[in-house]
1. Looking for something open to solvent by less than 10 Å² (accessible area, probe 1.4 Å), assigned to a helix (DSSP H, G or I) and either touching a Cys at 6+ places or on another chain (Cβ under 6 Å) or farther than 13 Å from LEU202 by Cα (or both) - is there at least one such residue anywhere in the stretch 253-267?
2. In this structure, is ASP247 part of a helix (DSSP H, G or I), more than 15 Å from the ligand (Cβ to nearest atom) and of a type in the set (Asp, Glu)?
3. Can you tell me which residue is nearest to the ligand (Cβ to nearest atom) among those in the stretch 65-116 that are under 16 Å from VAL156 (Cβ atoms), among the hydroxyl-bearing types (Ser, Thr, Tyr) and in a loop (DSSP other than H, G, I, E, B)?
4. List every residue pair whose Cβ atoms sit under 8 Å apart, with the two residues 6 or more apart in sequence or on different chains, where the first one lies in the stretch 300-318 and is hydroxyl-bearing (Ser, Thr, Tyr) and the second, anywhere, is at pLDDT 95 or above and assigned to a helix (DSSP H, G or I).
5. Name every residue in the stretch 59-93 that is in contact (Cβ under 8 Å) with a residue 60 or more places away in the chain, open to solvent by 10 Å² or more (accessible area, probe 1.4 Å) and within 15 Å of the chain's Cα centre (by Cα), in order of residue number.
6. Any residue that is crowded, with 16+ Cβ neighbours inside 10 Å, in contact with a strand residue (DSSP E or B) (Cβ under 9 Å, 6 or more places away or on another chain), more than 22 Å from LEU223 (Cβ to Cβ) and touching a residue at least 40 places away in the same chain (Cβ under 8 Å) - is there at least one of those in the stretch 191-202?
7. Name every residue in the stretch 268-301 that is crowded, with 16+ Cβ neighbours inside 10 Å and either modelled with pLDDT under 50 or more than 16 Å from the ligand (Cβ to nearest atom) (or both), in order of residue number.
8. What number of residues within the stretch 155-167 satisfy the criterion of being within 22 Å of the chain's Cα centre (by Cα) and farther than 12 Å from PRO113 by Cα?
Amino acid sequence: MFIDVTNCDTTTTLLGLPSSSPFFIAPAALAKLGHPGGEVNLTKAAGKAGLIQAMSNNASQSIEELANGRVTPNQKLWFQLYVTTDRKKTERVLKRVVDSGAFSALFITVDAPILGKREADERLKAEVMPVLSETSGQGEVKSGSGAKSVTKALAVGVAADLVWEEIAYFKRLTGMPVVIKGIMTAEDAILAMKYGCEGIYLSNHGGRQLDTSPPAMLTLLELRKHCPEVFEKMEVFLDGGVRRGTDVIKALCLGCKAVGMGRPFLYANACYGEEGVSKAIESSCSFLKVLTTLVMQEEIETCMRLLGVTSLSQLGPEYVLSVQSALTL
Ligand SMILES: Cc1cc2nc3c(=O)[nH]c(=O)nc-3n(C[C@H](O)[C@H](O)[C@H](O)COP(=O)(O)O)c2cc1C
């Protein structure tokens, strides 16, 4: 209290990229299921808002479409990779990622070597395979592939044999910082550090993979307790149920560099029809900016001001924990 909070700065740097706020668009497959503009809507909105988008390996549009959808050539994206059993195929995808010049970091998702039990998907039995671009990622999925659900179809070819020792090979292939998405324990966070990753991304895949896996915020507390050194050596991200500016700030207070949001952006994209999207994208205030980015931005700033902080570097555990619990973490 008694702190001048007139100005409040939410800017940060994530894996060397400037970001207007400490959150980013988490990689989520098949945005075209929600809106024909697909992932490119998100690319444009992110570019206008100065935020970073992580493109899914299972996007409904191609690497090149997203690269061309950027608002300026300086806008950089992150690429989320599902390594395939056929590593040559992964190499081809990564070559396109590098050649596009649009990506600055590689996020390897490791919490889905096989598909979790997704009952809702199975019940749906949707015939929507054609929205998956031939060139996006797995790309070889077609209607009538025999798969019983969309996600099962997408999971065809994903490597179940991926091991830590391969990280060096992905770093060599891309020359990019590597972040491991899907870390759920302190032990794995330590291994990621040991294998030279630039970041870790705590996530339980939005609760869509392993039943009863911990929410990322709990994993974050585990890391603080058992391996606080990881926060010095790597950038730590998380996602899963982040819906409020206060959620973002809590994660940052506990050591995260930024948080991802998946479904809020998918819903924002799906809720506005093509007309609304075009109109909004033409104006300087895109629909996503209004619906999600601005809402989040305002909430983040409000939370910071009410805590009495004016820059992200001032955040710390003392803002979310009682003295007693802070001492035990
Ligand atoms: C429809 C949908 C598709 C997703 N597709 C991917 C994907 O292709 N790759 C990936 O690493 N994570 C994927 N995820 C997981 C998200 O990246 C994220 O971990 C999760 O949605 C949690 O964030 P949220 O609660 O903000 O949605 C997907 C999630 C959803 C809901």
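1. Scanning the stretch 253-267, I find at least one residue that is open to solvent by less than 10 Å² (accessible area, probe 1.4 Å), assigned to a helix (DSSP H, G or I) and either touching a Cys at 6+ places or on another chain (Cβ under 6 Å) or farther than 13 Å from LEU202 by Cα (or both), so the answer is yes.
2. On the way: part of a helix (DSSP H, G or I): yes; more than 15 Å from the ligand (Cβ to nearest atom): no; of a type in the set (Asp, Glu): yes.
Here the answer is no, as ASP247 does not meet what is asked.
3. Among residues in the stretch 65-116 that are under 16 Å from VAL156 (Cβ atoms), among the hydroxyl-bearing types (Ser, Thr, Tyr) and in a loop (DSSP other than H, G, I, E, B), the one nearest to the ligand (Cβ to nearest atom) is TYR82.
4. THR310/MET304
5. Matches in the stretch 59-93: TYR82 only.
6. no
7. Of the residues in the stretch 268-301, the ones crowded, with 16+ Cβ neighbours inside 10 Å are 268-269, 272, 277, 280-281, 286-289, 291-293, 295-297, 299-301.
Correct list: TYR272, VAL277, ALA280, ILE281, SER286, PHE287, LYS289, GLN297, GLU301.
8. Looking only at that region, the number is 3.
The values are calculated or read from the model by the stated rules, or taken from the named source; none is laboratory data. Keep in mind the model is a prediction, meaning the values are calculated, not measured. When we count neighbours, we look across all protein chains shown, and the Cβ atoms used for this are built from the backbone with ideal geometry, even at glycine. When the accessible area is computed, the model is the full protein with side chains, heavy atoms only, and any ligands, DNA or RNA have been set aside. Shrake-Rupley method; radii C 1.70, N 1.55, O 1.52, S 1.80 Å.
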